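The values are calculated or read from the model by the stated rules, or taken from the named source; none is laboratory data. Nothing here was measured: the structure is a model prediction, and the numbers come from that model. Cβ placement follows ideal geometry from the backbone for every residue including glycine, while neighbour counts extend to all protein chains displayed.
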Amino acid sequence: MEVRREEDDIIELYNASMSGSTTTLYRLIHNDQHLLSKISLTSFSETPLHISALAGQLDFSRALLLQKPQLAVELDSHKRCPLHLASAEGHIDIVRALLHANSNACLIRDQDGRIPLHYAAIRGRVKVVKELISARPDSTQVMLDGGETVLHLCVKHNQLEALKLLVKSVSDKGDFLNSKDQDGGNTILHLAVMLKQVETIKYLLLMPKVKEAVNFPNNMGFTALEMLENCPKDFKSFTIRNILMDAGASIKRVNDPSPPLAIAVDHRESVELEQSSKKGCKNWLEYLKYDDWVKDNHGLIMVVSTVITTITFQQAISPPGGLWQANVNDTMQGFRCSSDTPCVAGKAVLADAVDYRSYLNFMICNTLSFVASLGVTFLLISGFPIKHRVCMCLLTISLCSTLTFLAATYLIAFNMVTPDFLKYDSPKHASFMDVCILGSVIIVVSMVLLVHLIRFLAWLVRVIKNPKKGSGPSRI
């Protein structure tokens, strides 16, 4: 029972640290004066002070520090002390309370080598940065495992105000401002140019020490301006270039036996362009060969042919002008109805017109389109070797015929149902529309047939040159 009670008290303590209930804290400590000492015996990876510092519970954090100041330097599973968390969140009053309890927390590194000042700089907590520098000025000299300074972090995360504060706080600005990281030997000016931070570059070049080192190379031998020359160009690039040139930056790669990166990039781009053009010609030549385009588009062709079959069938049973609803024995102007030859119900109205040639042409084109689309469907579902040249030619001809006669059917139907006064009042417009529609279809179909003709000729040339290669199950 005693162990269970202690576990319940610890859980209640952690809940109180989140809500900031100091009343609960004092009650728990009154019941067990060693409660805070038992925190290290629990399985929790954080102390209650970590939680209250992260949540911004000032009174609770002060009460914990008053009861046990050692909590200020306790670490969680990531080797972070409460000051790391309070600095990242910008809780300035809690930061002050933690520094008052133990200022050495400023120099505690987490598992990534970062101290609380690094957290504050990354998040741009200017007030916290000022407080940490005031407590431990030497914390500004602490570097990350990769040799980066806190200034590198400010530039990487675009925290200009924090950068300005840190620069002002350092007495010996020369080595500090021009220090290089271990990865690429880049200074903060290199990083600012690489990230195209115009305002940061302007501020850095106001520093005499940075301006003097504007032509310092990194580990790859590139100055800040040379790095800019090899970055993708945009409006910022030209602005930064002018700023660097005004500061005395120059490109000095005369004695370098290897070509500059810009030249190498241009050469690579020209080679890639040449290869791309060759590849494009090769792809076009491959396209001219009979390949698996039917197999790849089998489903799409099936759907199109089925839809066209349905359309043409519907046009046959519901032609333009409709059907006679009853037998007509009376003579009607424009129609051949009479007592001797009545117009029968269910028959096409325009079929009994005096000028029935339009209806006849309509039915011919519609039937041809219907038959061609059925032929496409039969070829696809019958099991014929589609990759065989003969079948490929039949399929292509059928598809082109279907679309051509379907377009002709539309034009004839349009003329059949359009009143005469519209045709005669604007014959030019009607003729122009007919020519445009039919001409477009003919041009497209001709292009398709031309491509397939070229394909066939290309295949024929290959067969003549290499008869064995042309003989196969998918060859003629």
Requested in this report: Just name the residue that is surrounded by the fewest Cβ atoms within 10 Å (Cβ to Cβ) out of those in region 45-97 that are in contact with a His (Cβ under 7 Å, 6 or more places away or on another chain) and of a type outside the set (A, V, I, L, M).
Outcome: Gly56
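Taking Leu83 as the residue in question, decide whether it is over 23 Å from Tyr14 (Cβ atoms) and touching a residue at least 24 places away in the same chain (Cβ under 8 Å).
Here the answer is no, as Leu83 does not meet what is asked.
Out of Leu438, Leu457, which single residue is more than 27 Å from Gly299 (Cα to Cα), in the same structural domain as Leu360 (by TED's automatic domain parsing) and at pLDDT below 70?
Numbers: Leu457 fails: at pLDDT below 70.
Among Leu438, Leu457, only Leu438 is more than 27 Å from Gly299 (Cα to Cα), in the same structural domain as Leu360 (by TED's automatic domain parsing) and at pLDDT below 70.
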**Report entry** Near pairs, Cβ below 7 angstrom, 6+ apart or cross-chain, from region 303-325 (at positive phi) to any residue that is surrounded by 14 or more Cβ atoms within 10 Å (Cβ to Cβ) and assigned to a helix (DSSP H, G or I)
**Finding:** Gly321/Leu350; Gly321/Met416
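Assess whether Glu199 counts as being in the same structural domain as Pro82 (by TED's automatic domain parsing) and not in a loop (DSSP other than H, G, I, E, B).
Values: in the same structural domain as Pro82 (by TED's automatic domain parsing): no; not in a loop (DSSP other than H, G, I, E, B): yes.
So Glu199 fails the test.
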Query raised in the report: Just a yes or no: is a residue in region 363-375 surrounded by fewer than 18 Cβ atoms within 10 Å (Cβ to Cβ), at pLDDT 85 or above and polar (S, T, N, Q)?
Result: yes
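Do the conditions hold for Cys337, that is, is it hydrophobic (A, V, I, L, M, F, W, C) and either free of Cβ contacts under 8 Å to residues at least 24 places away in the same chain or loosely packed, with under 12 Cβ neighbours inside 10 Å (or both)?
Values: hydrophobic (A, V, I, L, M, F, W, C): yes; either free of Cβ contacts under 8 Å to residues at least 24 places away in the same chain or loosely packed, with under 12 Cβ neighbours inside 10 Å (or both): yes.
Considered against the rule, which asks whether it is hydrophobic (A, V, I, L, M, F, W, C) and either free of Cβ contacts under 8 Å to residues at least 24 places away in the same chain or loosely packed, with under 12 Cβ neighbours inside 10 Å (or both), Cys337 comes out as yes.
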Requested in this report: For Asp183, state whether it is under 34 Å from the mean Cα position of the chain (by Cα) and not in a helix (DSSP H, G or I).
Outcome: yes
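Those residues that are more than 46 Å from the chain's Cα centre (by Cα), not in a loop (DSSP other than H, G, I, E, B) and not hydroxyl-bearing (Ser, Thr, Tyr), I need them from region 1-24; list them, please. Working first, answer last.
Initially, region 1-24 is screened for residues more than 46 Å from the chain's Cα centre (by Cα), giving 1-10, 12-13, 21-24.
With the extra rule that they be not in a loop (DSSP other than H, G, I, E, B), the set shrinks to 2-10, 12-13, 22-24.
Those that are more than 46 Å from the chain's Cα centre (by Cα), not in a loop (DSSP other than H, G, I, E, B) and not hydroxyl-bearing (Ser, Thr, Tyr): Glu2, Val3, Arg4, Arg5, Glu6, Glu7, Asp8, Asp9, Ile10, Glu12, Leu13.
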Query raised in the report: Has region 123-135 got any residue that is surrounded by 18 or more Cβ atoms within 10 Å (Cβ to Cβ), closer than 24 Å to Asn218 by Cα and free of Cβ contacts under 8 Å to residues at least 60 places away in the same chain?
Result: no
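When you check Val307 against the structure, is it in contact with a helix residue (DSSP H, G or I) (Cβ under 9 Å, 6 or more places away or on another chain), within 30 Å of Phe378 (Cα to Cα), surrounded by fewer than 15 Cβ atoms within 10 Å (Cβ to Cβ) and not small (Gly, Ala, Ser), yes or no? Outline the logic, then answer.
Details: in contact with a helix residue (DSSP H, G or I) (Cβ under 9 Å, 6 or more places away or on another chain): yes; within 30 Å of Phe378 (Cα to Cα): yes; surrounded by fewer than 15 Cβ atoms within 10 Å (Cβ to Cβ): yes; not small (Gly, Ala, Ser): yes.
In short, yes.
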Report task. Evaluate region 173-190: report whether one residue or more is closer than 17 Å to Gly90 by Cβ and either touching a strand residue (DSSP E or B) at 6+ places or on another chain (Cβ under 8 Å) or surrounded by 20 or more Cβ atoms within 10 Å (Cβ to Cβ) (or both). Result -> no
Requested in this report: Answer yes if at least one residue in region 25-43 is more than 47 Å from the chain's Cα centre (by Cα), closer than 23 Å to Tyr119 by Cα and in the same structural domain as Gly124 (by TED's automatic domain parsing), and no otherwise.
Outcome: no
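Taking the options Leu64, Leu99, name whichever one is modelled with pLDDT of 95 or more, in contact with a Pro (Cβ under 7 Å, 6 or more places away or on another chain) and part of a helix (DSSP H, G or I).
Every option except Leu64 fails the conditions.
So is Arg109 crowded, with 24+ Cβ neighbours inside 10 Å, without any contact (Cβ under 8 Å) to a residue 60 or more places away in the chain and of a type in the set (D, E, K, R) or not? Before the answer, list the steps.
Values: crowded, with 24+ Cβ neighbours inside 10 Å: no; without any contact (Cβ under 8 Å) to a residue 60 or more places away in the chain: yes; of a type in the set (D, E, K, R): yes.
When the stated conditions are applied, Arg109 does not pass them.
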Query raised in the report: Which of (1) among the aliphatic types (A, V, I, L, M); (2) assigned to a loop (DSSP other than H, G, I, E, B); (3) surrounded by 18 or more Cβ atoms within 10 Å (Cβ to Cβ) does Met220 not meet, given it meets every other one?
Result: (3)
Report summary line: A careful count of residues in region 328-361 that are in contact with a strand residue (DSSP E or B) (Cβ under 7 Å, 6 or more places away or on another chain) and either in a strand (DSSP E or B) or farther than 21 Å from Val417 by Cα (or both) gives 6
